[in-house]
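Chemist: Can you read through this structure? Questions will come right after.
Nothing in this text is a laboratory measurement; each read-out follows from the coordinates by a stated rule. What you see is a predicted model, and the numbers here were worked out from it, not measured in a lab. Methodologically, a virtual Cβ is constructed for each residue, glycine included, from the backbone with ideal geometry; neighbour enumeration extends over all protein chains shown.
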Amino acid sequence: MQTPSQMRSVTPGGPEGGLVAILGLVLAALLLLAQALFVVPAGEVAVVTTLGKVSGEPRQPGLNVKIPLVQQVWPFSIRTQVRPENFATLTKDLQVIEATATIKYALRADQAGRAYSTIASSDRDVYPRIIQPSLLKALKSVFSQYELVTIASEWNDISTLVAETVADELDQFDYVKVLGLDLTGLEIAEEYRAAIEQKQIAEQQLLRAQTEVKIAEQETLRYDTLNKGLNERVLYKLFLDKWDGMTQVVPGLPGTNGAMPSVIVGSKK
């Protein structure tokens, strides 16, 4: 047990009290510095808000600084996102089709602050609040213009049209850029498959018939041109070129005022 003479008191003005105060200040400074510095990972940007209001441009990847306790950081991914969307919609002839639309998109880095201010309070809100509504609107808009048979037989062309419509729809807001869209897994009622197959067979038969007509037209034109060029003198020349010298009756040489009588020659022995 220490005696009162052995015990020391730490007074505020003493050297020990000053050391404690310095250590406290250093610790507080380190805590404030830790709160002030933040790192934005590659493939992301950060929206900084000051008392709830977006402040400045989105921060780029790397080490960044903010005001502790006053500013907050909201990360947004700018990587390419791939999201499949299962949908069902009506065709022009009121038939239900089901398919999967897989969209590839990326948030525009310079629009992250505007997206946060107006529609997406966090990164997970980008798809359901920005992409999905425009995607479903475009799908219904395009498919409602075509009958089921046309959709099934022209699937690739219609897929391209849907992708263009989605891109145009999202460009109106300029939050994201569409990098691609694939339509797969078309499902239709079984009773309509036979009608679709019959339509495809009829189109192939029509194409074959049209091709045959074109070939016949070309043959007719070729023979017509040949016949126009075969006048009497040409035919006489062709005969002489082919004459074997054995024929006794040779056609007469065509004249200007009419054909000459046939020339009778003797056969070779």
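Chemist: State the dimensionless ratio Rg/Rh of region 34-98 (Rg: radius of gyration of Cα atoms; Rh: Kirkwood radius).
Modeler: 1.37
Chemist: I would also like to ask the following. With N denoting the number of residues in region 106-185, provide Rg(C-alpha) divided by 2.2 N^0.38 Å, to two decimal places.
Modeler: 1.24
Chemist: Taking the Cα-to-Cβ direction at Q72 and at D171 and moving 7 Å from each Cα, how far apart do the two end points lie in nm?
Modeler: 3.6
Chemist: Report the equivalent ellipsoid semi-axes for region 141-187 in whole Å, largest first, defined as the square roots of five times the eigenvalues of the gyration tensor built from alpha carbon atoms.
Modeler: Values for region 141-187, descending: 23, 11, 7 Å.
Chemist: With θ set to phi - 60°, apply the Karplus curve 6.51 cos²θ - 1.76 cosθ + 1.60 along region 114-122 and write out the HN-Hα couplings as whole Hz, x wherever there is a Gly or Pro.
Modeler: Once θ is set to phi - 60°, the couplings for region 114-122 become 5, 4, 5, 5, 10, 9, 10, 6, 8 Hz.
Chemist: On to the next question. Taking every Cα atom in region 89-152, find the radius of gyration and the maximum pairwise distance Dmax, and write them in Å.
Modeler: For region 89-152, the Cα radius of gyration and maximum Cα-Cα distance read 15.6, 45 Å.
Chemist: Quick one: I130, I201, I103, fewest Cβ neighbours within 10 Å first, how do they rank?
Modeler: With the fewest neighbours first, I130, I201, I103 line up as I201, I130, I103.
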